[in-house]
1. Restricting attention to segment 146-191, and to residues there that are crowded, with 17+ Cβ neighbours inside 10 Å and without any contact (Cβ under 8 Å) to a residue 40 or more places away in the chain, which single residue is farthest from residue 270 (Cα to Cα)?
2. Which one of these is surrounded by fewer than 17 Cβ atoms within 10 Å (Cβ to Cβ), touching a residue at least 12 places away in the same chain (Cβ under 8 Å) and under 30 Å from residue 211 (Cα atoms): 89, 56, 79, 84?
3. Assuming residue 229 fulfils every condition listed in (1) farther than 30 Å from residue 103 by Cα; (2) free of Cβ contacts under 8 Å to residues at least 60 places away in the same chain; (3) surrounded by 14 or more Cβ atoms within 10 Å (Cβ to Cβ) apart from one, which condition is it?
4. Farther than 16 Å from residue 168 by Cβ and surrounded by 15 or more Cβ atoms within 10 Å (Cβ to Cβ): does that describe residue 264?
5. List, please: which pairs have Cβ atoms under 9 Å, are six or more places apart or on different chains, and start with a residue in segment 242-270 that is within 25 Å of residue 101 (Cα to Cα) and end with one that is of a type in the set (Ser, Thr, Tyr) and modelled with pLDDT under 90?
6. Being surrounded by fewer than 15 Cβ atoms within 10 Å (Cβ to Cβ) and either in contact (Cβ under 8 Å) with a residue 60 or more places away in the chain or in a helix (DSSP H, G or I) (or both) is the requirement here; does residue 234 meet it?
7. Here are the criteria: (1) within 15 Å of the chain's Cα centre (by Cα); (2) part of a helix (DSSP H, G or I). Tell me which single one residue 206 does not satisfy.
Amino acid sequence: MTSLERAARPVAWAEPPAVIRFLEDTWTVAQGEVRKLVHDPTEILTRAVQPVLWLLVFGQVLAQTRAIPTGSMGYMDFLAPGVLAQSALFSAIFFGIAVIWERDLGVLHKYLVSPASREALVTGKALAGGLRALVQAAVVYVAAALVGLHLQIGVFQVVGVVLVVVLGAGGFATFSLIIACLVRTRERFMGIGQVLTMPLFFASSAIYPIAIMPTWLQVLAHLNPLTYQVDALRALMVEGGVASFPIPLDIAILAGTQVVLLAIAARLYPRLAQ
């Protein structure tokens, strides 16, 4: 039983260890967010449109032009991991608007007065953002299989893709939560979210190699967490995919970014209710 549930039962029992309580509360918050997606299947359908268009239209056109050098990999194989990362980014970066809705509906205040720690609340939100992105992963895998891409479906590769997708999308969902805590209105949040998505996407290796970028853009790409998410996905998802960095380094950077963002979000989260 989580802290959120224990708050509704004023009876005495021994408190579980802090770590167990943290995990329970985190999972409770994440479950609530994922349940919203299950109860609204239309959102799943709309999420499927963007990656399918990228693979079936944009990718096919660029593959025919042969304008982007990708070495021994076909361009479509090169693009698929970038489309997955991009789809997860676009859904995660607007995750914070739901938190603003929660404040307006009074749900946020219920979270904040519960015994659950602020760290558990924001970690649960981040985990939910990562789990929701797995829908994008499933759509991209199906679309990629339909166009005949060379996917790796071994247990190690699939587990690795799940981990990288959850870490990457969770990080951007947390970043979105921080923005929501700072701007506090839906209108400003939407404007900032739209401004951020394209630079994050194009300043990464999602649709072209870092090597062909101008020097200043290469610097930005190396500072962009999306670059490391795409890099790991490219090595894990498609046959012949080669990572520019060691996969453990990619995962470590994603995890480190997530920890830093969670620490910032935990401090700012209560401000959203003020």
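1. By that ranking, first place goes to 166.
2. Values: 89 fails: surrounded by fewer than 17 Cβ atoms within 10 Å (Cβ to Cβ); 79 fails: surrounded by fewer than 17 Cβ atoms within 10 Å (Cβ to Cβ); 84 fails: surrounded by fewer than 17 Cβ atoms within 10 Å (Cβ to Cβ).
The conditions single out 56.
3. (2)
4. Values: farther than 16 Å from residue 168 by Cβ: yes; surrounded by 15 or more Cβ atoms within 10 Å (Cβ to Cβ): yes.
So residue 264 fits the description; yes.
5. Final answer for the pair search is 266/117; 269/111.
6. On the way: surrounded by fewer than 15 Cβ atoms within 10 Å (Cβ to Cβ): no; either in contact (Cβ under 8 Å) with a residue 60 or more places away in the chain or in a helix (DSSP H, G or I) (or both): yes.
No, not satisfied.
7. So the condition that residue 206 fails would be (2).
Yes or no, residue by residue, for (1) modelled with pLDDT of 85 or more; (2) over 30 Å from residue 102 (Cα atoms):
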position	(1), (2)
116	no, no
124	yes, no
130	yes, no
144	yes, yes
152	yes, yes
156	yes, yes
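The values are calculated or read from the model by the stated rules, or taken from the named source; none is laboratory data. This is a predicted model, so every value here is computed, not measured. Backbone-built Cβ (ideal geometry, glycine too); neighbour counts: all protein chains shown.
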